[in-house]
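**Q** Have a look at this one.
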Amino acid sequence: MVMTALPKTPSFRLDGRCALVTGASRGIGLGGAVALAEAGAHVVMAARNAEDIEAAAQAVRDAGYSAQGISLDVGDHDAMVASIAEHGPFDILFNNAGTNRPLPYVDVTLDNFDMITDLNLRSAFFVAQQVAKGMIEAGKGGSIIHTSSQMGHVGGIDRAVYCGTKFGIEGVTKASAIELAAHKIRVNTIGPTFIRTPMTQSTFDNPARVKWLEEKIKLGRVGEIEDIMGAVVFLASDASALITGTSIVIDGGWTAD
Ligand SMILES: NC(=O)c1ccc[n+]([C@@H]2O[C@H](COP(=O)([O-])OP(=O)(O)OC[C@H]3O[C@@H](n4cnc5c(N)ncnc54)[C@H](OP(=O)(O)O)[C@@H]3O)[C@@H](O)[C@H]2O)c1
């Protein structure tokens, strides 16, 4: 009888790996941190508010997983470099801290532009650069996952600055993936649609915008934090070993047409 050799499904487990998650005290970052911890990683959770991030890390520990909370403003470059040196090297980065203050294009001010761009693009760029340096030095490879958005692939009302930053991080992802591949470091993004978090509350409070969302999301519902969790684990794990320089959109079909 002919014996069929079965391929072995790569593992989605992350036991023994150390992950940094920025913006981990609530919303998408908290979801990613829980998912990575549940898959076996030790998770270093970062946000500015010390009380909030410690409460979030404690909740992850109370659920039986391994987590540490650190108070860090990723926009404070020197503090960020020192903190990553202290807590790294990391095998996984979920580079998620980000924000939005939607404004009509013609009303955008320098302050609004600088505030969104400083966090979503400048800080995200340098956090990933710093983690990548640690990964290169450790010589074990790694996975960097940026939180982009569906708005890194299409435009949106009142979102000219936000789209600029998210299209920007898609470009950074592609270019850095080319350079970091030599070190077995993969770089990808997740591109969520509107997810119910504190950041999107103002959109969900606006009936005209809710109508827009419901028309655009083909699956007929907005996203919940749970919707991003599987993609984060997948991109962090060996199950995505040949995936780099690209994006997983989690958009219910928004960008399909
Ligand atoms: N919600 C959505 O519909 C949606 C869709 C697509 C993409 N995204 C992206 O997903 C990411 C997270 O969004 P979210 O909705 O979860 O936001 P959120 O609910 O406002 O949470 C933001 C998190 O980032 C932290 N943070 C903000 N500024 C920081 C800084 N300078 N340094 C360190 N941490 C900082 C916040 O804690 P502190 O305030 O204590 O620092 C908090 O933990 C963002 O990149 C966003 O652009 C969101």
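The values are calculated or read from the model by the stated rules, or taken from the named source; none is laboratory data. Just so it is clear, the structure is predicted and the values come from calculations on it, not from any experiment. Note that each Cβ is placed from the backbone with ideal geometry, even for glycine, and that neighbours are counted across all protein chains shown. With ligands, DNA and RNA removed, areas are computed over all heavy atoms of the protein, side chains included. Shrake-Rupley method; radii C 1.70, N 1.55, O 1.52, S 1.80 Å.
**Q** Quick check: is even one residue across segment 60-69 closer than 24 Å to residue 176 by Cα, surrounded by fewer than 20 Cβ atoms within 10 Å (Cβ to Cβ) and modelled with pLDDT of 95 or more?
**A** no
**Q** OK, next. How about segment 208-217: which of its residues are at pLDDT 90 or above and over 23 Å from the mean Cα position of the chain (by Cα)?
**A** 215
**Q** Residues in segment 223-243: is at least one open to solvent by less than 20 Å² (accessible area, probe 1.4 Å) and either modelled with pLDDT under 95 or of a type in the set (D, E, K, R) (or both)?
**A** Within segment 223-243, not a single residue is open to solvent by less than 20 Å² (accessible area, probe 1.4 Å) and either modelled with pLDDT under 95 or of a type in the set (D, E, K, R) (or both).
**Q** Starting from residues that are within 19 Å of residue 152 (Cβ to Cβ) and surrounded by fewer than 17 Cβ atoms within 10 Å (Cβ to Cβ), keep the ones in segment 95-107 and report whichever is nearest to the ligand (Cβ to nearest atom).
**A** Among those residues, the one meeting the criterion is 99.
**Q** Being farther than 20 Å from residue 197 by Cβ, touching a strand residue (DSSP E or B) at 6+ places or on another chain (Cβ under 8 Å) and among the small types (Gly, Ala, Ser) narrows it down to one of 33, 24, 41, 47, so name that one.
**A** 41
**Q** Which number in (1) assigned to a helix (DSSP H, G or I); (2) open to solvent by 30 Å² or more (accessible area, probe 1.4 Å) marks the one condition that residue 37 misses?
**A** (2)
**Q** Here's another thing I want to ask about it. Listed residues 173, 189; which is within 28 Å of residue 39 (Cβ to Cβ), within 11 Å of the ligand (Cβ to nearest atom), outside any loop (DSSP other than H, G, I, E, B) and open to solvent by less than 20 Å² (accessible area, probe 1.4 Å)?
**A** Exactly one of 173, 189 is within 28 Å of residue 39 (Cβ to Cβ), within 11 Å of the ligand (Cβ to nearest atom), outside any loop (DSSP other than H, G, I, E, B) and open to solvent by less than 20 Å² (accessible area, probe 1.4 Å), namely 189.
**Q** Here's something else I'd like to know. Quick one: how many residues across segment 244-257 are surrounded by 18 or more Cβ atoms within 10 Å (Cβ to Cβ) and β-branched (Val, Ile, Thr)?
**A** Going through segment 244-257 one residue at a time, the tally reaches 4.
**Q** In this structure, does residue 178 turn out to be more than 10 Å from the ligand (Cβ to nearest atom), open to solvent by 30 Å² or more (accessible area, probe 1.4 Å) and outside any helix (DSSP H, G or I)?
**A** no
**Q** Return the only residue of 137, 170 being more than 18 Å from residue 246 (Cβ to Cβ) and touching a residue at least 24 places away in the same chain (Cβ under 8 Å).
**A** Going through 137, 170 in turn, just one is more than 18 Å from residue 246 (Cβ to Cβ) and touching a residue at least 24 places away in the same chain (Cβ under 8 Å): 137.
**Q** Okay, next question. If you check every pair at least six apart or on different chains, which have Cβ atoms under 8 Å apart with a residue in segment 63-74 that is of a type in the set (Ser, Thr, Tyr) and away from the ligand (no atom under 14 Å from the Cβ) first and a residue that is in a loop (DSSP other than H, G, I, E, B) and modelled with pLDDT of 95 or more second?
**A** 66/41
**Q** Select from segment 194-240 the residues that are part of a helix (DSSP H, G or I) and acidic (Asp, Glu) and write down the one among them that is nearest to residue 135 (Cα to Cα).
**A** For segment 194-240, the residue satisfying everything is 238.
**Q** Continuing with this model, one more query. May I ask you to list the residues in segment 1-26 that are near the ligand (Cβ under 9 Å from one of its atoms) and open to solvent by 10 Å² or more (accessible area, probe 1.4 Å)?
**A** If the condition is that a residue be near the ligand (Cβ under 9 Å from one of its atoms) and open to solvent by 10 Å² or more (accessible area, probe 1.4 Å), then 23, 25, 26 are the ones that fit.
**Q** Okay, moving on. Of (1) at pLDDT 95 or above; (2) small (Gly, Ala, Ser); (3) farther than 16 Å from residue 148 by Cβ, residue 220 satisfies all except one. Which?
**A** (1)
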